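Take a look at the structure below.
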Amino acid sequence: MQLRYNFRVYPTVGQQQSLAQAFGCARVVFNDALAIREQAFREGRRVTDAELSRLLTESKKTPERSWLGGVSAVVLQQALADLNTAYRNFFGSVTGTRKGGKVAPPRFRSRKDNRQAIRFTKNARFAVTAGRKLRLPKIGDVAVRWSRELPSDPSSVTVVKDAAGRYFASFVVEVDEQPMPVSDSEVGIDLGLTTFAVLSNGKTIDNPRFLRRAERKLRKAQRMLSRKEKGGKNRAKARVEVARAHARVADTRRDWAHKQSTMIIRDNQAVFVEDLCVKGLARTRLAKSVHDAGWGMFIRMLEEKAARYGRAFSKVDRFFPSSQLCSVCGVVSGKKPLHVREWMCVCGTVHDRDLNAAMNIHAAGRAEWLNACGGTVSPAA
């Protein structure tokens, strides 16, 4: 399987200028190709990828686009590849052949976008030098803070500049599956806002609420930004401070989610979660809390790590009545308001709402997993 390894890089001032030139050239090539494809669509004709590549080569010979030759040709070709991928995803979404949410058609890129990125493939002959620096064509040897070793030779590297002005190198590497020792435990997980997660074995994970805890600093930074004159250097500095504050929250949340997901995958042979509609929940009055919880990122980490470490992972249908079903007798007692945290079933069992839901998710996920594996689902007589 393929994984991404991200590392912080620290280009010099000259290298930052070269990267800015590469970002701009890739953006112009992408926008030019998008304009050509839109014009061809209006005229009722089709433009192939080979034709776009040929037009790019010809444009470099013109006085208007001669400066495109100042960056690596691989960066420009990858910009065309990104446009092709965007159109494939859009058409796949329209025709229904692509899974997931709807994808909009590609839009023109702006120099004011919060994220700028360029990609180098093996054809660009990027390399890690003996001095542990990243050598990029027409940019130079960039200092990298290596937090871990790469498991194999990377097939590509993407250099990213985020809204906070930080630079990252994202390597795509091929890794083998690393099965963990077999565990006898399985777990169902019920995600929430008051408590981030309740496990079917009785364990709970508190909601750290990183955004809520940082709101005071964020308000101060945003207030300072709003007071600066538009177009001034002080406003640009204040904007970076706001971006850095948000980046600290996002980084902390991601690091915490990695640690929690790794712990769950390490301790359990099978993990079952509810297939939540995060986009729908993010349109309610609880939107800020839903985004702060990061459910989607956490579930994605569980799924990816389960595939890598030889664990079973399954999502239970979002319409499964996990909070209405009694985990003891199986009676569905109907919907309950969110403020009802405990309830009594007709069989006399008193349930904690979240723990009961986690146990039901475990049972439903395990039944689906065994059924998919050809095992016995129904209990023995």
Problem set entry | Residues (within 19 Å of Ser72 (Cα to Cα), within 22 Å of the chain's Cα centre (by Cα) and not hydroxyl-bearing (Ser, Thr, Tyr)) located in the stretch 102-153 | Gln116, Ala117, Ile118, Arg119, Phe120
For this session: Can you tell me which residue within the stretch 247-298, out of those that are in a helix (DSSP H, G or I) and among the β-branched types (Val, Ile, Thr), is farthest from Asn207 (Cα to Cα)?
Result: Ile265
Problem set entry | Lone qualifier among Val28, Val75 - being more than 27 Å from Asp153 (Cβ to Cβ) and either out of contact with any strand residue (DSSP E or B) (no Cβ under 6 Å at 6 or more places or on another chain) or without any contact (Cβ under 8 Å) to a residue 60 or more places away in the chain (or both) | Val28
Problem set entry | Condition met for Lys305 (open to solvent by 80 Å² or more (accessible area, probe 1.4 Å) and among the basic types (Lys, Arg)) | no
Problem set entry | Of residues in the stretch 78-105 being of a type in the set (Val, Ile, Thr) and over 25 Å from Thr158 (Cα atoms), the one surrounded by the most Cβ atoms within 10 Å (Cβ to Cβ) | Val94
Seminar exercise, completed: How many residues of the stretch 191-213 are open to solvent by 20 Å² or more (accessible area, probe 1.4 Å) and either of a type in the set (Ser, Thr, Tyr) or under 23 Å from the mean Cα position of the chain (by Cα) (or both)? The answer is 14
For this session: Could you tell me which of the residues Pro151, Pro137 is more than 15 Å from Val9 (Cα to Cα) and out of contact with any Ser or Thr (no Cβ under 7 Å at 6 or more places or on another chain)?
Result: Pro151
For this session: Of all residues in the stretch 319-348, count the ones that are in contact with a Cys (Cβ under 8 Å, 6 or more places away or on another chain) and either open to solvent by less than 40 Å² (accessible area, probe 1.4 Å) or under 19 Å from Asp206 (Cα atoms) (or both).
Result: 2
Seminar exercise, completed: Pairs returned, first residue in the stretch 120-146 that is open to solvent by less than 40 Å² (accessible area, probe 1.4 Å), second residue that is part of a strand (DSSP E or B) and among the polar types (S, T, N, Q), beta-carbon separation under 6 angstrom, 6 or more apart or interchain, are Thr121/Ser156
Problem set entry | Pairs with Cβ under 6 Å, 6+ apart, first in the stretch 227-248 and surrounded by 12 or more Cβ atoms within 10 Å (Cβ to Cβ), second basic (Lys, Arg) and not in a helix (DSSP H, G or I) | Asn234/Lys228; Arg235/Lys228; Ala238/Lys228
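Consider Met224 carefully, then state whether it is open to solvent by 60 Å² or more (accessible area, probe 1.4 Å), within 19 Å of His362 (Cα to Cα) and not small (Gly, Ala, Ser). Talk me through it step by step, then tell me what you get.
Numbers: open to solvent by 60 Å² or more (accessible area, probe 1.4 Å): yes; within 19 Å of His362 (Cα to Cα): no; not small (Gly, Ala, Ser): yes.
No: the conditions fail for Met224.
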Exercise. Which fully enclosed strands (runs of 3 or more DSSP E) of the stretch 76-161 have 2 or more residues being small (Gly, Ala, Ser) and over 28 Å from Glu177 (Cβ atoms)?
Worked result: 140-145
For this session: Consider Leu68 carefully, then state whether it is touching a residue at least 12 places away in the same chain (Cβ under 8 Å), under 29 Å from the mean Cα position of the chain (by Cα) and open to solvent by less than 70 Å² (accessible area, probe 1.4 Å).
Result: no
Problem set entry | Residue check for Ala257: crowded, with 16+ Cβ neighbours inside 10 Å and within 14 Å of Arg300 (Cα to Cα) | yes
Exercise. Looking at the stretch 147-190, which of its residues are of a type in the set (Phe, Trp, Tyr) and open to solvent by 40 Å² or more (accessible area, probe 1.4 Å)?
Worked result: Phe168
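Listed here are the residues, each with its yes/no results for (1) assigned to a helix (DSSP H, G or I); (2) more than 33 Å from the chain's Cα centre (by Cα); (3) farther than 28 Å from Arg166 by Cα; (4) modelled with pLDDT under 95.
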site	(1), (2), (3), (4)
Leu3	no, no, no, yes
Arg8	no, no, no, no
Gly14	yes, no, no, no
Ala20	yes, no, no, no
Val29	yes, no, no, no
Ile36	yes, no, yes, no
Gly44	no, yes, yes, yes
Ala50	yes, no, yes, yes
Thr62	no, yes, yes, yes
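When you scan the stretch 114-131, do you find a residue that is at pLDDT below 90, under 29 Å from Val29 (Cα atoms) and not acidic (Asp, Glu), even just one?
yes
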Exercise. From the set of residues in the stretch 5-48 that are among the charged types (D, E, K, R) and surrounded by fewer than 13 Cβ atoms within 10 Å (Cβ to Cβ), which is farthest from Ser147 (Cα to Cα)?
Worked result: Glu43
Exercise. In contact with a Lys or Arg (Cβ under 7 Å, 6 or more places away or on another chain), without any contact (Cβ under 8 Å) to a residue 60 or more places away in the chain and β-branched (Val, Ile, Thr), is that true of Val346?
Worked result: no
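The values are calculated or read from the model by the stated rules, or taken from the named source; none is laboratory data. On a predicted model such as this, the values are computed, not experimentally measured, just so you know. Here Cβ is always computed from backbone atoms with ideal geometry, including for glycine, and neighbour counts include all displayed protein chains. What goes into the accessible areas is simple: the full protein's heavy atoms, side chains included, and nothing from ligands, DNA or RNA. Shrake-Rupley method; radii C 1.70, N 1.55, O 1.52, S 1.80 Å.
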